[in-house]
Amino acid sequence: MSRSLLTLFAPPEEGEYVGDFGMLCGFTASAGVLSRIAETFSGDGSRPRLAAFIHPTALAVTDVPGLAWMHFRLPLPFRLLHAKVALLGFCGPTEYLLRLAVSTGNWTAEPLTTSIDMFWCADLVVGARDLQLASDIRAADDLFCWLRKRCSDDLLQQTFDGARPDELFREAIDRLPADGRRPRFVDTRKETMRAQVMERLNKGGKGHLVIGSGYYEQGVSEDTESLIESLHDQLVRDRKLAKDDVALELVLNEDSCQGLYECAERLVGKGWKLRRPGSHHKGHGNAKLHAKYLYLAQHGGKGEIGRAQIYIGSGNFSRAGFESTAPHGNLEAGIVISPDPTLSWRNNAKNSIRSFLPGDFGSDVELTALAPGYAFDPPPDPPPPPPVAFVDWAGGEVRAPAACEVAVQVLGPADAPVELPCPWPAPPPAFVTLHPTGWKVPVCADGALVVPRRSAPSLEDILARIGQFPAAPIGVGEEEEEDGEDREGIDRVSKSEAFEAENNATRTYPIRQMMRLMTRLTEAQKNHDPRDWQRWCRELQQNLSDLAQTEPDMIRPFREACANPLYALSDMEFLPAGVDRQRIEAAIRHITEAWDLSGARNLWEHTP
């Protein structure tokens, strides 16, 4: 799998982990990237797997299956939600794993294509004794809890298949040790990014300072001290940077360097080297710097870097991003980490720190090449949040949640405005559009979110996917990635083709096909976690019923013999311990009706 922003949301490569629940925040997010993130994290959209806290916009992406878009109440507690963080939970057979990720890039296509960004992430198996990482995760969770209190979280308060979507996640967070260790993770709810980053940088008279940012402060004049100069002076004053014989490097977009354009000559005169963006990753040749980082190291020569620290975060080196708190500027977040001191500054070294720092440190930017670029255009005022976070469907009718006390209108089945409750014949929609705002909200039915149907699965589809549950649905799998980098997607296609070839060899033997299906289902079913039981029964009911359309030749001999093979699924031998047998029996009744086997005898009953 390629190392990209999407990788942050993929389950660990080692261990049988599946995406359980997670939260992410950011300034902007696109529909395409959010959809890929949701499917990378978990193929299941029957409950909210991810909660997205994005700066309010009229272009909110509220119709991604399995993703809860968190609508902020007004007035906003920040001028700009600029923090880019993800806190994710992965459930394994016996363990729960938490992942903290800090990014400089938004949840859009740019970090994957046209901009150079950075991210840091770390995994913690709950119960492992990593007190520092546990402290970082607790600090990030505190930020998300703060955000959640300022949003409508009605969807996350619901139960899906008998449990709240974040139930295991919250249990895992609560199990983390709380020893009072200072977190490396910081945000600007109460203190500025500058104060917190400076506090975490160690003393020691370092000899190398690199600052990089896609956006710098505006309004700097030749007579005004810039933020960069102020930071340098403070580092020297606090004895964290040596006064003399120091390597100073500033990475910027030469055609858009904002206020640095006015003071660049002065900075160069004080020893700063101006550097272009650079990256070791293919495809970044003409990419713009969007990352924000500060690198402070003991040595700046060609040997080992020695003791070093790096700030990575969302806060640009501007007054709003680095010197303001959320109520008066941006809500930012970042982390201060310590890289391996044995890394080398040498560009062609086997283990070079320059592989991680986005900058072309081999050449200078000429002053004549600089341009201030365009000023930041703040987003428009957000629209009011929707009156409901979801709607319910039951008995051929869509209705507002029971707690809703206002009238709600949606675009009905005929795309005309109707007031809830309103008739809506089966099958229920996955989302409805509120009128007149245009907000899309998810639909709950039978204790789960309605998942958009793609197409009726074939036998090959189901056989190829059984072993991937609960990480992915039983039926039709994820769509292939467009960039050709989805190695797992290629493997899935290969497996599906293998099942199809095997099935074609037995297609003239429909009874053998049915026995293969029942054998695979019962073998998989008995080993499932009881927590996935309701979803398993629901997906069996939905996907096996569809085989009446796609595999009529396989079902016909059983209809003619008046024999029902489905009852093997309710045999106690093939049930996970402690599950409700009535759920699988109800699913069998539904499939039996779809297959036109009502009244057929149980194929597995022994008659004297």
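What the table shows:
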read-out	value
Single match in Asn351, Asn347 (criterion: more than 26 Å from Arg239 (Cβ to Cβ), in contact with a helix residue (DSSP H, G or I) (Cβ under 6 Å, 6 or more places away or on another chain), at pLDDT below 95 and not basic (Lys, Arg))	Asn347
Test result for Ser338, surrounded by fewer than 21 Cβ atoms within 10 Å (Cβ to Cβ), more than 24 Å from the chain's Cα centre (by Cα), at pLDDT 95 or above and over 22 Å from Asn106 (Cβ atoms)	yes
Subset of segment 295-309 (residues that are under 30 Å from Ile54 (Cα atoms) and surrounded by 22 or more Cβ atoms within 10 Å (Cβ to Cβ))	Tyr295
Matching residues, segment 36-55, being at pLDDT 95 or above and more than 24 Å from Thr159 (Cβ to Cβ)	Ile37, Ile54, His55
Hits in segment 357-377 (condition: in a loop (DSSP other than H, G, I, E, B) and touching a Lys or Arg at 6+ places or on another chain (Cβ under 8 Å))	Gly359, Phe361, Ser363, Asp364, Val365
Selection from segment 11-27 of residues that are assigned to a loop (DSSP other than H, G, I, E, B) and at pLDDT 95 or above	Phe27
Checklist (1) crowded, with 19+ Cβ neighbours inside 10 Å; (2) within 26 Å of Ile353 (Cβ to Cβ); (3) out of contact with any His (no Cβ under 7 Å at 6 or more places or on another chain) applied to Arg239, failing item	(1)
Only listed residue being in contact with an Asp or Glu (Cβ under 6 Å, 6 or more places away or on another chain) and surrounded by fewer than 19 Cβ atoms within 10 Å (Cβ to Cβ), chosen from Pro425, Pro421	Pro421
Any chance Pro384 is of a type outside the set (A, V, I, L, M), touching a Lys or Arg at 6+ places or on another chain (Cβ under 9 Å), modelled with pLDDT under 90 and loosely packed, with under 13 Cβ neighbours inside 10 Å	no
Test result for Ala561, within 30 Å of Gly92 (Cα to Cα), free of Cβ contacts under 8 Å to residues at least 60 places away in the same chain and among the small types (Gly, Ala, Ser)	no
Selection status of Gly306, small (Gly, Ala, Ser) and either within 18 Å of Gly212 (Cβ to Cβ) or outside the structural domain of Met198 (by TED's automatic domain parsing) (or both)	no
Residue count for segment 139-167, restricted to those that are under 19 Å from Pro75 (Cα atoms) and without any contact (Cβ under 8 Å) to a residue 24 or more places away in the chain	2
Selection from segment 365-378 of residues that are surrounded by 15 or more Cβ atoms within 10 Å (Cβ to Cβ) and either under 30 Å from the mean Cα position of the chain (by Cα) or on the phi < 0 side of the Ramachandran plot (or both)	Val365, Leu370, Pro372
Phe53 being surrounded by fewer than 23 Cβ atoms within 10 Å (Cβ to Cβ), within 29 Å of Leu76 (Cβ to Cβ) and touching a strand residue (DSSP E or B) at 6+ places or on another chain (Cβ under 7 Å)	no
Cβ pairs under 7 Å, 6+ apart, first in segment 382-409 and farther than 16 Å from Ala445 by Cα, second of a type in the set (Lys, Arg) and assigned to a loop (DSSP other than H, G, I, E, B)	Pro385/Arg73
Selected residue [of a type in the set (A, V, I, L, M) and farther than 23 Å from Asp161 by Cα] from Leu569, Leu575, Leu540, Leu547	Leu547
Whichever residue in segment 90-147 is among the charged types (D, E, K, R) and surrounded by fewer than 16 Cβ atoms within 10 Å (Cβ to Cβ) and, among such residues, is farthest from Tyr215 (Cα to Cα)	Glu95
Leu241 vs. criteria in contact with a helix residue (DSSP H, G or I) (Cβ under 6 Å, 6 or more places away or on another chain) and touching a residue at least 12 places away in the same chain (Cβ under 8 Å)	yes
Condition met for Ala38 (in a strand (DSSP E or B), touching a helix residue (DSSP H, G or I) at 6+ places or on another chain (Cβ under 9 Å) and not β-branched (Val, Ile, Thr))	no
Members of segment 549-580 that are on the phi > 0 side of the Ramachandran plot and either among the polar types (S, T, N, Q) or under 42 Å from the mean Cα position of the chain (by Cα) (or both)	Gly578
Residue pairs meeting the criteria (Cβ under 6 Å; at least 6 apart or on separate chains; first under 22 Å from Ala333 (Cα atoms), in segment 174-185; second of a type in the set (Asp, Glu) and not in a strand (DSSP E or B))	Pro183/Asp136; Arg184/Asp136; Phe185/Asp136
Strands (runs of 3 or more DSSP E) enclosed by segment 237-329 - at least 3 residues per element that are out of contact with any Ser or Thr (no Cβ under 9 Å at 6 or more places or on another chain)	247-251, 272-275, 293-297
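Matching residues to (1) under 33 Å from the mean Cα position of the chain (by Cα); (2) farther than 30 Å from Ala109 by Cβ; (3) charged (D, E, K, R):
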residue: Glu217; (1), (2), (3): yes, no, yes
residue: Glu265; (1), (2), (3): no, yes, yes
residue: Gly269; (1), (2), (3): no, yes, no
residue: Arg276; (1), (2), (3): yes, no, yes
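Here is a yes/no grid of residues against (1) over 20 Å from the mean Cα position of the chain (by Cα); (2) under 23 Å from Thr7 (Cα atoms):
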residue	(1), (2)
Leu80	yes, no
Glu110	no, yes
Val125	no, yes
Leu155	no, no
Ala163	yes, no
Leu168	no, yes
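Every residue, every condition in (1) without any contact (Cβ under 8 Å) to a residue 40 or more places away in the chain; (2) touching a Leu at 6+ places or on another chain (Cβ under 9 Å), yes or no:
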| site | (1), (2) |
| --- | --- |
| Met518 | no, yes |
| Lys526 | no, yes |
| Thr550 | no, yes |
| Pro557 | no, no |
| Tyr567 | yes, yes |
| Ile584 | no, yes |
| Thr592 | yes, yes |
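Rundown of residues vs (1) under 25 Å from Arg512 (Cβ atoms); (2) surrounded by 14 or more Cβ atoms within 10 Å (Cβ to Cβ); (3) at pLDDT 95 or above, yes/no style:
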| site | (1), (2), (3) |
| --- | --- |
| Arg535 | no, yes, no |
| Gln542 | yes, yes, no |
| Pro552 | yes, no, no |
| Arg556 | yes, no, no |
| Arg581 | no, no, no |
| Gly599 | yes, no, no |
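The values are calculated or read from the model by the stated rules, or taken from the named source; none is laboratory data. In this text the structure is predicted, and so the values were computed from the model without any measurement. Neighbour counts run over all protein chains shown; Cβ positions are idealised from the backbone, glycine included.
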